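Have a look at the structure below before the remarks.
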Amino acid sequence: MVDVQRVSDSCGFSVPLMDVRGDRDLLDRYHERHDPAYFDDMWHHRNAASIDGLPGYPPSS
């Protein structure tokens with residue numbers, strides 16, 4: 001018996017096509033639209049803790 005609290009899946013941005021026709025460029029195009037400071041801020045806020053509440057991305061010093 002399993003008591004499921006949460007199920008998460010991949011967003012699909014970097015998932016290869018099923019018949020391996022090539023790599024998807026969606027993630028690359030997304031990164032081209034943002035500057036590095038955007039990702040630093042996002043990583044510190046969104047990755048501060050894992051799904052199970054453990055510390056994630058190290059805090060800024």
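Values computed for the structure shown
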read-out: Residue order, fewest to most surrounding Cβ atoms within 10 angstrom, among L26, L54; value: L54, L26
read-out: Calculated [θ] (222 nm, deg cm²/dmol) that DSSP helices of n ≥ 4 give over the chain, each run adding -39,500 (n - 2.57); value: -8500 deg cm²/dmol
read-out: Amide H partners (placed H, <5 Å) of R24, local residues excluded; value: L17
read-out: Amide H contacts under 5 Å for G56, placed H, 5+ residues apart; value: A49, S50
read-out: 3J(HN,Hα) from dihedral phi, region 42-51, Karplus parametrisation 6.51/-1.76/1.60, rounded to Hz, x for glycine, proline; value: 4, 4, 5, 8, 6, 10, 5, 9, 7, 4
read-out: Average Cα contact separation per residue, the chain, under 8 Å, 6 or more apart, as relative contact order %; value: 16
read-out: Structure-derived volume of the Cα convex hull per residue in Å³ - corresponding label in [x] 124; [y] 78; [z] 105; value: [x]
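Bear in mind that the values in this text are calculations on the coordinates, not laboratory data. What you see is a predicted model; the values in this text were computed from it and never measured. A quick note on method: Cβ atoms are made from the backbone with ideal geometry, for glycine too, and the neighbour counts reach across all protein chains shown.
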